[in-house]
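The values are calculated or read from the model by the stated rules, or taken from the named source; none is laboratory data. Since we're looking at a predicted model, the values are computed, not measured. Using ideal geometry, Cβ is built from the backbone for each residue, glycine included, and neighbour counts are taken over all protein chains shown.
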Amino acid sequence: MTFAIVLVIIIIIIAIISTLLLTGKSDQEYSSSSKRNTVNLTMIYVVVTLLSLIGLAVYIVV
């Protein structure tokens, strides 16, 4: 259990650092492609949420 908590904390730290690094880079065509970006992000969140729920279910059952 401790290993899982440490792993989650490491992943969160990596995600925060990579997000902060990406915010420094601007995209000139972002405003024109914001709808596509929103759809892509929504799909990513849906997939990650589903995978997380499946992982949680497997963890509970096993």
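Okay, residues lined up against (1) under 11 Å from the mean Cα position of the chain (by Cα); (2) at pLDDT 90 or above; (3) in a loop (DSSP other than H, G, I, E, B):
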| position | (1), (2), (3) |
| --- | --- |
| Ile9 | no, yes, no |
| Leu20 | no, no, no |
| Tyr30 | no, no, yes |
| Asn37 | no, no, no |
| Ile44 | yes, yes, no |
| Leu50 | no, yes, no |
| Leu53 | no, yes, no |
| Leu56 | no, yes, no |
| Tyr59 | no, yes, no |
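When the range 50-62 is filtered for residues that are within 18 Å of Ala4 (Cα to Cα) and surrounded by 10 or more Cβ atoms within 10 Å (Cβ to Cβ), the ones remaining, listed by number, are Leu51, Ser52, Leu53, Ile54, Gly55, Leu56, Ala57.
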